[in-house]
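The values are calculated or read from the model by the stated rules, or taken from the named source; none is laboratory data. This is a predicted model, so every value here is computed, not measured. Cβ sites come from the backbone with ideal geometry, for glycine too, and all protein chains shown count toward neighbours. Note: accessible area is taken over every heavy atom of the protein model, side chains too, but ligands, DNA and RNA are not part of it. Shrake-Rupley method; radii C 1.70, N 1.55, O 1.52, S 1.80 Å.
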Amino acid sequence: MKESYFIGASEVKEIVGCSKSRAYQFIQQMNKELEAKGLLTFPGRVPRRYVFERFGITEVQDDAKGNNPAGGNSGGATAGNRKHRRGVRFPTGSGAAPDSDDSCAG
């Protein structure tokens, strides 16, 4: 099933880890913020990306069962399996990118 752009209280509840009534309060607050920016909103639903932005979620983490509570198929972001959502692997070392060289500098 395709992941929806807008999410409801049940998904906000799972992402944030709060009660369903508190999730509705968060959605209402975020919709007011979006309306103040001049954007259209849906009652009881909020854009998924805006939820992650407002709560400062930069990396989606898998739960203990290996399921992604935020939806999607990110492939996880553990130290041994760092993958971009499209399957591109990131370097695991702390050094520079493998294809970076200073030949273009200067």
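Details
- Criterion (buried (at least 16 other Cβ atoms within 10 Å of the Cβ) and at pLDDT below 90) met by exactly one of GLY75, GLY95, GLY87: GLY75
- Pairs where the first residue, in the range 39-58, is among the small types (Gly, Ala, Ser) and the second is assigned to a loop (DSSP other than H, G, I, E, B) and surrounded by 11 or more Cβ atoms within 10 Å (Cβ to Cβ), C-beta under 8 Å, 6+ apart: GLY44/GLY8
- Count of residues meeting criterion [assigned to a helix (DSSP H, G or I) and either in contact with a helix residue (DSSP H, G or I) (Cβ under 7 Å, 6 or more places away or on another chain) or open to solvent by 70 Å² or more (accessible area, probe 1.4 Å) (or both)] in the range 35-61: 7
- Enumeration of residues in the range 1-12 that are crowded, with 19+ Cβ neighbours inside 10 Å and in a helix (DSSP H, G or I): ALA9, GLU11, VAL12
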